[in-house]
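Below is one structure, written out as structure tokens; comments come after it.
The values are calculated or read from the model by the stated rules, or taken from the named source; none is laboratory data. Bear in mind that the values here come from a model prediction, so they are computed numbers and not experimental data. Virtual Cβ from ideal backbone geometry, glycine too; neighbours counted across all protein chains shown.
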Amino acid sequence: MIVDSVLTNAKAYLKGEIVDCSIAIEEGKIQKIGKETHMPKADQIIDINHKLVLPGVIDSHVHLRDEDKAYKETFVTGTAAAAVGGVTTVLDMPNNSPVTMSSETLHNRMEIAARRVLVNVGFYSEFPTSAEKIGAIVEEGAVGFKLFMAEQVGGLNVDDDQAILESFTQVGKLGVPVAVHAEDHSLLKFAVENFKLRNRHDLAAYLKAHDENAELAAVERIIDIVGKAENSRVHFCHVSTQKSLSALAEAKKSGKAVTVEVTPHHLMLKKDDYGSLGVSALTMPPLRSQENVDALWKGIEAGDVDTVGSDHAPHTVQEKDASSIWDVKAGVSGVETILPLMLTSVHKNMLTLAHALELLCEKPAEIFGLAEKGRLEQGKSADLVVVDFNQKFKIDASKFKSKAKFSPFDKWDVQGKPVMTFVGGKLVMDEGEIVAKAGSGTVIRRTLP
């Protein structure tokens, strides 16, 4: 048998240890992992030069924009950024223009993406105006639904718990997860309007409006609904406070099907950093206190945190520089830095490499039904990142492949550089440069069991 390619002189993290090996790839899948002498003949031999091969990162929280928001990011630039960062699969959030909230808008978005993406891309949908339309969206291939509770985006009234319950119940029947941005709309709206009446347009007002209570109130509301919505599974995005994490840990103990995501910016930055970073680091939810940062790391150690996602939210530099805090677009460019930042944390002994791979690869695959991804195993997709594990380098946002060339981690020293990215066995990124054509990636359509 002659396979498509063999990666030789590789080091791979397998079953808890780093081993010397070669990896055979055939028709986009890992055909064999073993000693070089046991490898089949191949059309192409790629010498990895003793670098570390890891499963490609699955970033389940990315805003790729495009369509009417292509000025912020496109499918090409966003997935190029992912590939450079060692991310081989991204799940795209639906707060686009037009909003992804019907089988038609999802179909159109997938059609456009198929011609442009460089990595694997799956798509969330917002909830439609009627729960009866959920089935058609799932049939079209949505990997999940998103409930953005901070303001009204999709067709589901974020202030109507009964409507949320009905939609969660319908999605639960179909076996599809729901991702939730947990900040309470009514509390936020009241606080923001009050600050505006008082002519408060400063960062302190924003932090107060988006305080811990706004997050906790939304978390507790959804936990209650999950307990009533049969078979529902809810993934809480960018959890940022100790109180919310504690409530979710208790919900897990009581048997509720909830999972938790945290972001690198909530793990590695604190609200005091706004003094030096300014509003370029403004996010929803915002950076928190050192006590909350410490609590998130303890949550990782305890297993209460399931995934790390970037919440890659690209904007123009001008949109991050408005005179009123209420007009500043919240979000940071993160898909390019998520893996180096987490590998740096491994080097600092803040978590093990095994745990980092669980957070970045294995658990996202499990939660979102990506059975062929997330692990280095025979038969799995050959979505791989080659890492120069010990290479130190400085993050340079000006050189991002993303259109959003800003980052709260700009000029940070990190250790662990992605140097090659393979998607479905095809080399997409080599030494920081994209070597594949737009459209070489794959649109993921979730299939029901």
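From the list E111, E126, the lone residue that is touching a Leu at 6+ places or on another chain (Cβ under 9 Å) and free of Cβ contacts under 8 Å to residues at least 60 places away in the same chain is E126. Scanning the stretch 301-326 for residues that are closer than 26 Å to A257 by Cα and crowded, with 16+ Cβ neighbours inside 10 Å turns up D304, V305, D306, T307, V308, G309, S310, D311, H312.
When the stretch 115-164 is filtered for residues that are within 24 Å of L188 (Cβ to Cβ) and among the hydroxyl-bearing types (S, T, Y), the ones remaining, listed by number, are Y124, S125, T129.
In the stretch 333-343, the count of residues that are surrounded by fewer than 20 Cβ atoms within 10 Å (Cβ to Cβ) and on the phi < 0 side of the Ramachandran plot is zero.
Among residues that are hydrophobic (A, V, I, L, M, F, W, C), assigned by TED's automatic domain parsing to the domain that holds V262 and over 19 Å from the mean Cα position of the chain (by Cα), A114 is included. The set of residues in the stretch 383-442 that are of a type in the set (S, T, Y), assigned by TED's automatic domain parsing to the domain that holds A24 and under 30 Å from I45 (Cβ atoms) contains only T421. Checking the stated criteria, V176 turns out not to satisfy the condition of being in a helix (DSSP H, G or I), in contact (Cβ under 8 Å) with a residue 12 or more places away in the chain, under 23 Å from the mean Cα position of the chain (by Cα) and within 20 Å of Y124 (Cα to Cα).
Against the definition (under 15 Å from K417 (Cα atoms), touching a strand residue (DSSP E or B) at 6+ places or on another chain (Cβ under 7 Å), assigned by TED's automatic domain parsing to the domain that holds R233 and not in a strand (DSSP E or B)), how does L360 come out, yes or no? Against the criterion (under 15 Å from K417 (Cα atoms), touching a strand residue (DSSP E or B) at 6+ places or on another chain (Cβ under 7 Å), assigned by TED's automatic domain parsing to the domain that holds R233 and not in a strand (DSSP E or B)), L360 does not qualify. Quick check, is V138 in contact with an Asp or Glu (Cβ under 7 Å, 6 or more places away or on another chain) and closer than 13 Å to M101 by Cα? When the stated conditions are applied, V138 does not pass them.
Against the test of being surrounded by 22 or more Cβ atoms within 10 Å (Cβ to Cβ), among the acidic types (D, E) and farther than 19 Å from G255 by Cα, the options E193, E166, E215 yield a single qualifying residue, E215. Scanning for something in contact with a helix residue (DSSP H, G or I) (Cβ under 7 Å, 6 or more places away or on another chain), charged (D, E, K, R) and crowded, with 23+ Cβ neighbours inside 10 Å, does the stretch 47-59 turn up at least one residue? Looking through the stretch 47-59, at least one residue is in contact with a helix residue (DSSP H, G or I) (Cβ under 7 Å, 6 or more places away or on another chain), charged (D, E, K, R) and crowded, with 23+ Cβ neighbours inside 10 Å. Of all residue pairs spaced 6 or more apart or on separate chains, those with beta-carbon atoms under 6 Å, a first member in the stretch 63-90 that is assigned to a helix (DSSP H, G or I) and a second member that is among the polar types (S, T, N, Q) and modelled with pLDDT of 95 or more are T77/S402; A81/S402; A83/T421.
Criterion applied to M39, M101 was being touching a residue at least 12 places away in the same chain (Cβ under 8 Å), outside the structural domain of K417 (by TED's automatic domain parsing) and crowded, with 20+ Cβ neighbours inside 10 Å, and the one residue passing it is M101. Being without any contact (Cβ under 8 Å) to a residue 40 or more places away in the chain and assigned to a helix (DSSP H, G or I) is true of S398.
The residue pairs whose first member lies in the stretch 415-441 and is on the phi > 0 side of the Ramachandran plot, whose second member is among the aromatic types (F, W, Y) and surrounded by fewer than 20 Cβ atoms within 10 Å (Cβ to Cβ), and whose beta carbons are closer than 7 Å, counting only pairs six or more residues apart or on different chains, are G416/F389.
Mind checking whether some residue in the stretch 81-91 is surrounded by fewer than 23 Cβ atoms within 10 Å (Cβ to Cβ) and at pLDDT 95 or above? No: zero hits. A single entry from K271, K298, K329, K256 fulfils the requirement of being on the phi < 0 side of the Ramachandran plot, without any contact (Cβ under 8 Å) to a residue 12 or more places away in the chain and surrounded by fewer than 24 Cβ atoms within 10 Å (Cβ to Cβ): K298. When K394, K405 are checked against the criterion of being within 29 Å of K69 (Cβ to Cβ) and surrounded by fewer than 23 Cβ atoms within 10 Å (Cβ to Cβ), K405 stands alone in meeting it.
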